[in-house]
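*Asks:* Here it is: the structure, laid out below.
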Amino acid sequence: MTTPRPLAGKARTTRARDLVLRTRGGLSVRADLRAAAVVLALVLLALATGVVLVGTGDFPMTPAEVLSTLAGNGSVAQEFIVRDLRLPRVLVALLVGVALGLAGAVFQAISRNPLGSPDIIGFGQGSAAGALTVIVLFQGSSFAVAGGAVVGGLLTGVGVYLLAWRGGIHGYRLVLVGIGAAAVLSAVNGYLLTRADIVDAARAVLWLTGSLNGRGWDEFWPLLVACAALLPLTVAHARPLRMLEMGDEAAGALGVRVERTRLVLVLCATLLTASATAAAGPIAFVALTAPQLARRLTRAAGPNLLPAAGMGALLMVVSDFLAQWAFGDRQLPVGAVTGVLGGCYLLWLLFVERKAGRI
């Protein structure tokens, strides 16, 4: 058994924005300085927005008071408001954004298509169908609804993958099969709503919109476990995922086990989408827009997994802030805000793709 050798402390740059660290054993680690700076900036902005959001409400608090309370120096009232009421909601928003941004980056890289997003190719609708089945047919608890969303998302992922398989998975075939699955599942969801009584229908419609209202520690901990398990596994496949974007033959020639890598990444992205949907409902367009915005900031090729996760977190907390306070006394579900913002972005993206002759 050999002992890993520490970094030699010597670094050199290969490009103006790349930093390469070399070990004495000949191993090297390359870091894109611009991408790292973008990730750091996005994380700091998301956390700062979260702190502001925690301090905003009928009992306003300054960011300094919020941080002091989190450090254990607040009053009894401040401790209750921050730790029990507002903090869990903000943390759920951050993790939902991370999960959706990461899942969107994976699907767009695998399909090699900017429209390859979980909410476009049916995975979000599958989670919604699972949750609606529990709500309408079994009148299940919140925990059961979350479980139904995860199961529905997994079954949809398996179904789309198998239907798109034809000696391998082609990007456009995956997108087309996913769009068809989304249409079918949307019809199923509409049918389930017609079967519901008025109380269950109202509950289902609110859940389908995507909302963070009432989210607490019960939603946070399962989502944290899912992200803690799936995020490292997904990021560990960033290099083979980048090679997959060059095509299956090129990736295989470089030593990538193409179908195994693709299956693992699709499974991770599906579970991330299902976990986020279980926690907050189907949040529209975050998975679509976060990877594209992150790529424009980093100006780097490849899936940009961590920048997409950071952008997703920032989009979620900003959207939640707008949903709560941008429309006066009327609070909107966060899914309504992301739907409006993401819909405008989708129209712009389609216009750009058409102008470039790609669609």
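The values are calculated or read from the model by the stated rules, or taken from the named source; none is laboratory data. Since this is a predicted model, take the numbers as computed values, not measurements. Cβ: placed from backbone, ideal geometry, glycine included. Neighbour counts: every protein chain shown. The area values use the complete protein model at the heavy-atom level, side chains included, leaving out ligands, DNA and RNA. Shrake-Rupley method; radii C 1.70, N 1.55, O 1.52, S 1.80 Å.
*Asks:* With a sphere of radius 15 Å drawn around the Cβ of W325, what net charge do the other residues whose Cβ falls strictly inside it have (Lys, Arg +1; Asp, Glu -1)?
*Replies:* 0
*Asks:* Put +1 on the Cβ of each Lys and Arg and -1 on the Cβ of each Asp and Glu in the chain; which of V54, T234, W207 then has its Cα farthest toward the positive end of the dipole?
*Replies:* T234
*Asks:* Heavy atoms of the protein only, probe of 1.4 Å, neighbouring chains included. What is the accessible area of I198 in Å², nearest 10?
*Replies:* Approximately 140 Å² for this residue.
*Asks:* Considering only A280, S142, A77, whose Cα is most displaced toward the positive end of the charge dipole of the chain, charges sitting on Cβ of Lys, Arg (+1) and Asp, Glu (-1)?
*Replies:* Farthest towards the positive end: A280.
*Asks:* Which order, highest average first, do 182-189, 280-287, 44-51 follow once you tally other Cβ atoms within 10 Å for each residue and take the mean per peptide?
*Replies:* So the order, starting with the most tightly packed, is 280-287, 44-51, 182-189.
*Asks:* Oh, and also: How many percent of the accessible area of the chain is carbon or sulfur, using a 1.4 Å probe?
*Replies:* 67 percent
*Asks:* Please compute the per residue accessible area over the chain with all protein chains in place, 1.4 Å probe, rounded to a whole number of Å².
*Replies:* 49 Å²
*Asks:* How far apart, in nm, are two points set 7 Å out from the Cα along the Cα-to-Cβ line at T194 and at V225?
*Replies:* 3.9 nm
*Asks:* Cα convex hull of the range 40-142: mean projected area in nm², to one decimal?
*Replies:* If you wrap the Cα atoms of the range 40-142 in a convex hull and average its projections, you get 9.5 nm².
*Asks:* If you don't mind, there's one more thing I want to ask. Which value, in Å² and to the nearest 10, is the accessible area of T194 when all protein chains are kept and the probe is 1.4 Å?
*Replies:* 100 Å²
*Asks:* Dipole magnitude of the range 195-302 about its Cα centre, charges +1 at Lys/Arg Cβ and -1 at Asp/Glu Cβ only, in debye to the nearest 20?
*Replies:* 380 debye
*Asks:* Over the chain, with a Gaussian network built from C-alpha contacts below 10 Å, which listed residue (A309, A274, A238) shows the highest mean-square fluctuation?
*Replies:* Answer for the Gaussian network model of the chain: A238.
*Asks:* Hey, another quick one. Of Q331, Q108, Q292, which is the most mobile in a GNM of the chain whose springs link Cα atoms less than 10 angstrom apart?
*Replies:* Q331
*Asks:* Considering Cα pairs under 8 angstrom that are at least six residues apart, work out the relative contact order of the chain and quote it in whole percent.
*Replies:* 25 percent
*Asks:* Sticking with this one: Among N213, N73, N304, which one shows the highest mean-square fluctuation when the chain is modelled as a Gaussian network with alpha-carbon springs under 10 Å?
*Replies:* Looking only at N213, N73, N304, the biggest GNM fluctuation is shown by N73.
*Asks:* Which helices count as membrane-span-like in the chain under these terms: full DSSP H, at least 27 Å along the axis by C-alpha, Kyte-Doolittle mean of 1.0 or more?
*Replies:* Correct list, ordered by number: 33-54, 87-111, 142-164, 171-195, 217-236, 258-280, 305-325, 334-355.
*Asks:* Follow-up. Relative to the Cα centre, what is the charge dipole magnitude of the chain, using +1 at the beta carbon of each Lys and Arg, -1 at the beta carbon of each Asp and Glu, and rounding to the nearest 20 debye?
*Replies:* Approximately 1800 debye in magnitude.
*Asks:* Could you state how much accessible area L42 has, in square angstrom rounded to the nearest 10, with a 1.4 Å probe and all protein chains kept in place?
*Replies:* Spelled out: L42, probe radius 1.4 Å, area about 10 Å².
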